[in-house]
Structure formats: structure tokens, C-alpha cells
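Any read-out appearing in this document is the output of simple, stated calculations on the displayed coordinates, not a laboratory observation. Note that the structure is a prediction, hence the values are computed from the model and not measured. Here the Cβ positions follow ideal geometry from the backbone for every residue, glycine too, while neighbour counts run over all protein chains shown.
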Amino acid sequence: MLVFDRLKSQINLPEEEKLVVDSVRQVSRSNLAPRATAYDKSGKFPWNNVNDINELGLNAMFVPEEYGGTPTSFACYLECVKEITAACAATGIIWATNYHAMKPVIDFASEEQKRRWLPGVAEGALASLCITEPHAGSDATGMQTKFKPDGNEIVIDGGKTFITNGDVADYLLLFGKWSEIDDPKQSISVLVVETKETPIEVVGLEDKMGHRASSTATLAFDGVRVPYANLLHGPGDGLKLLLASLNKSRPSVAAHALGIARAAFEEAVAYINERQQSGRKIIEFQGIQFLLADLATELALCEAFLTHVATMIDSGVADFSTEASMIKLRAADLAMRMTTEAVQLHGGYGYVKEYKVERLMRDAKITQIWEGTNQVHRQLIGRAFFER
Ligand SMILES: Cc1cc2nc3c(=O)[nH]c(=O)nc-3n(C[C@H](O)[C@H](O)[C@H](O)COP(=O)(O)OP(=O)(O)OC[C@H]3O[C@@H](n4cnc5c(N)ncnc54)[C@H](O)[C@@H]3O)c2cc1C
């Protein structure tokens, strides 16, 4: 696939980061991919995939050196998300969620907090980002979880739903509202719950369409107490931290969606080069070539734009929020379209579980929903052109 190899060669990674991506690709293909069907079927949490990732020391990639990490570029991180996801989308989101939840700690926690939490993260701890509540989805500011200060502690009351890794995480990055601030937006605050010290009640796990091996938990907080020292920044600083962290997790979920899209594309191309009808390979039909041209072009453009966003972030550009929304939106729509067309190109075989594209199509759908639905991202992108 020359076009895609050339695109990859344009990603300007130093030699040692290329080696990291190579080893992630190798482990993903040799260990994770062969287990993906069984995990999809059982819905069991893929602990041996997590162990394989931790043997490569992958969490250390986003932790600063002084806290036990071996940091790489954001571009390198995104390549690893794509490789893991192409092999097993559930494992891809489990690992990426560690980044989504811990990046705000890396960027905004105090020195004392970083020393307490980040070495464990670098060694492979699991983390969760806890924003969504039953009545607060797209409008996260409607959250009702309360943080009440009580001497050296904070008392948490409320609940979170749809929390990736929620039942297995060592650290929860938890958003809630400070009880002593009245303004609903100004009161949003964020703290870390260390679940080994403070076990949290898991009310239930979702039985999902796709990503079946990644756990999605509903959590209850009923008078849960954590040290006041676990609050990030001050009371009421949560919304600022939330928006900053979402900007970086959106290119990450875009990379995850592109991992699914690329896997579906490769499956489809291999199949239509093999399968024959009317005495010709399926790829020889012009109608199929037109479809393939559209899919390949869209995939190439998304890959190139993701590289552009990663370059912006790695070179320290401060405002990339519109670009982050654009790539999240476009990559997720492509993942859905690509996997649907890949099933179509497999004919009836695409509809049965024996073929990978059936799972990929189910895995793709959520990418249009999480980390801001695609409707919400269209709104954010449109708003960026509003002249005030
Ligand atoms: C598998 C899975 C994993 C998840 N992981 C996490 C996680 O780790 N942490 C976490 O906090 N959350 C997580 N979520 C939650 C996810 O981010 C939310 O589901 C998502 O934000 C949408 O919220 P909602 O489901 O309440 O839908 P709603 O907000 O109720 O939306 C319903 C529909 O209305 C549309 N809509 C809403 N507002 C607008 C608007 N202003 N304009 C146009 N249309 C609009 C939406 O696009 C959607 O089509 C996860 C969800 C799932 C299913």
C-alpha cells in the first residue's frame, strides 16, 4: 500500500520512536490481534493484552522523565494508538483512556501530586476519565456530582455512567461541583480518587454493541471521602482543565478511529483481490474501483490531517481546538463509512462473525458518539467561524 507507506514516512519521528512504534506494531499483530475475536465474544476484560502493553512500558510514553517516564512525541503516541486499535479496538481504548485521564494530572497537578501518582502510571496503572452522568452527557456542565469540603477531606456524593476502565482503574480523574460555589459552571472541580485506598462502588457494567472487552462502568459515590490534597488546582478550576484535556484526547480518539478504518480498508482490499464473481476478481469491476478510490482518498486525507494536528501539538501551538474537533469528526465518520463499506465488499461473508469486518463495523459506531458526539463537534467547528 504505497500511498499509506509514503504517508507514514512523512511522519517525522526520531529513530528511537520509530523503534517504539515498530515494537508496538509487532506485539499488536502477534499477540493482540489473534485474541481479539475471543475477547469480543466473551466480553471479558483483556488483562493479558494490558500486561503485554505494560511489558513494553507504554504508559511511560506520556509520563515526564522525572516521574519515571520515558516521554515521546504526541505523533509517536498517536501511531501507537492506531497500531493497537487496528489489532483490537477494545484494547486500544483501554490504553488511550490512561492517557486521556492522566494527561490533566501531568499538565496541571502540583509537584507533590505528580510525585504521588505519576510513577504508578508510568509503571502501567489503569486510569479512568469520569465526566458523564445519567443526566449530563453532551452538556457536561449539567453534572450533579457534589464535592463538599470537610476539614482535610472532600466528601463526594453522586454518580458517573459510561466510564471506560471504571471498574478496573487504579486512578479516577473525577469531575464534580464544589458545594460552596453557586454558579453551575464556575463550581466544576476535579480530583483524583485512588481506588486502592478508596474503593468505589461499581453499580453495573454495560453489555455493548462493540468494544465488548473494554469495560464501561456505572459508579456510585455515596459519602465517599478523599484527602483534600487530591484536588487538582483550586475549587472551581475544573472546567478550564476539562476543556484543555479534551483538546488532546480528541486527536487521540481520532487516531483510534483511524486504526479501525485502516484495518477495515486492509481487510476489504485483501478480500476483493481474492474473491471472484463472473470470472473476475471483485476489484476488477469499475463500480468497485470508484468506491475504493473514494475510501482510500478519504483515509489518506484523514491520516495527513492527523499528522498535521500532531505536528501542531508537538511544536507547542497553543490553540488547536478547531483542528482537534475537525479530525475527531472526520476520522469517526470515516471509521463508520469504511467499516460499513468493508462489510458490503465482503457480501454475505461480511455479515458473519467469522470475518473481522463484522466486529470492526460494531466497534466503529461509538467513535461518532464519545469524546463529544459528531453533532457537537460540527457545532464547535461552525462556531469557530462566528465573527463577534
Ligand atoms: C462505550 C462508551 C464509553 C464511554 N466512555 C466514557 C468515559 O470514559 N468517560 C466519560 O465521562 N464518558 C464516557 N462515555 C460517555 C460519552 O462521552 C457520552 O455518551 C457522550 O458524550 C454523549 O452523551 P449522551 O450519551 O448522554 O447523549 P446525549 O447528550 O443525550 O445526546 C443524545 C443525542 O442528542 C444529540 N445532541 C445533544 N446535544 C446536542 C446539541 N447541542 N446539538 C445537536 N445535537 C445534540 C447528540 O449528538 C446525540 O445524538 C462513554 C460512552 C460509551 C457508550
- Specify the angular offset, from 0 to 90 degrees and rounded to the nearest 10, of the alpha carbon long axis of helix 321-345 from the longest principal axis of the alpha carbons in the chain. 40 degrees
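State the Kirkwood hydrodynamic radius of region 109-153 in Å, one decimal place, computed from all pairs of distinct Cα atoms.
On the way: mean 1/r = 0.0742 Å⁻¹.
Answer for region 109-153: a Kirkwood hydrodynamic radius of 13.5 Å.
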- Hey, could you grab the Kirkwood Rh for the chain? Inverse mean 1/r over distinct alpha carbon pairs, Å, one decimal. 21.6 Å
- For region 67-110, convex hull volume per residue from C-alpha positions, Å³: 74 Å³
- Item | Semi-axes of the equivalent ellipsoid for region 322-388, Cα gyration tensor, largest first, Å | 32, 10, 7
- Item | region 207-273 pair-distance distribution - Cα-Cα, 5 Å bins, rounded % | 3, 11, 9, 13, 18, 14, 11, 7, 4, 4, 3, 1, 0
- From the C-alpha gyration tensor of region 148-256, square roots of 5λ in Å: 25, 19, 12
- Which angle from 0 to 90°, rounded to the nearest 10, does the C-alpha axis of helix 111-122 make with the longest principal axis of the chain? 30 degrees
- Measure out, as a whole number of angstrom, how far apart the alpha-carbon centroids of region 1-33 and region 217-237 sit. 39 Å
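Please state, to two decimals, what the Cα-based radius of gyration of region 241-388 comes to when divided by 2.2 N^0.38 Å (N = residues). Write out the running numbers ahead of the final one.
Values: Rg = 17.3 Å, N = 148, 2.2 N^0.38 = 14.7 Å.
Against the compact-globule rule of thumb, the ratio is 1.18.
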- Under a cut-off of 17 Å between alpha-carbon atoms, report the aspartates and glutamates in cross-link reach of Lys356, not counting same-chain residues fewer than 8 places apart. Asp40, Glu83, Glu266, Glu267, Glu274, Glu341
- Item | Globularity ratio of region 128-167, using Cα Rg and 2.2 N^0.38 Å | 1.28
- Residue separation between Ser138 and Tyr349 times 0.36 nm, minus their alpha-carbon distance, gives in nm 72.3 nm
- Message: Give me the tail of P(r) for region 274-336 as a percent: Cα-Cα pairs with distance above 19 Å.
- Response: 49 percent
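Once you keep just the Cα pairs under 8 angstrom separated by 6 or more residues, what percentage relative contact order results for the chain? Spell out each step's value before the answer.
Details: 681 pairs, mean separation 63.9, N = 388.
Once divided by the residue count of the chain, the mean separation gives 16 percent.
If R₀ is 30 angstrom, what is the calculated FRET efficiency for the pair Val155 and Lys185, using the beta carbon separation as r and rounding to 0.05?
Between Val155 and Lys185 the formula returns 0.85.
Quickly rank 243-253, 109-119 as a protection proxy: mean count of other C-beta atoms within 10 Å, highest first.
243-253, 109-119
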- Over the residues of region 307-359, compute the C-alpha Rg and express it relative to 2.2 N^0.38 Å. 1.67
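Between their Cα atoms, which of Lys185/Lys248; Lys114/Lys196; Lys8/Lys248; Lys82/Lys248; Lys82/Lys365 are more than 19 Å away from each other? Could the numbers behind the result be given before it?
Details: Lys185/Lys248 21 Å; Lys114/Lys196 17 Å; Lys8/Lys248 21 Å; Lys82/Lys248 15 Å; Lys82/Lys365 17 Å.
Result: Lys185/Lys248; Lys8/Lys248 exceed 19 Å.
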- Task: Could you calculate the contour length gain from Glu197 to Arg337, that is, 0.36 nm times the residue separation minus the distance between their Cα atoms, to one decimal place in nm?
- Result: 46.0 nm
- Dimensionless Rg/Rh of region 1-151 - Kirkwood Rh, Rg from C-alpha atoms: 1.02
- For Thr373 and Phe386, extending 7 Å from Cα along the Cα-Cβ vector and measuring point to point gives, in nm, a value of 1.9 nm
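Using helices alone, I'd like the mean residue ellipticity at 222 nm for the chain: each DSSP H run of four-plus residues gives -39500 (n - 2.57), total over residue count, nearest 500. Let's see the in-between values first.
Details: 12 runs with 198 residues, N = 388.
Calculated at 222 nm, the ellipticity per residue is -17000 deg cm²/dmol.
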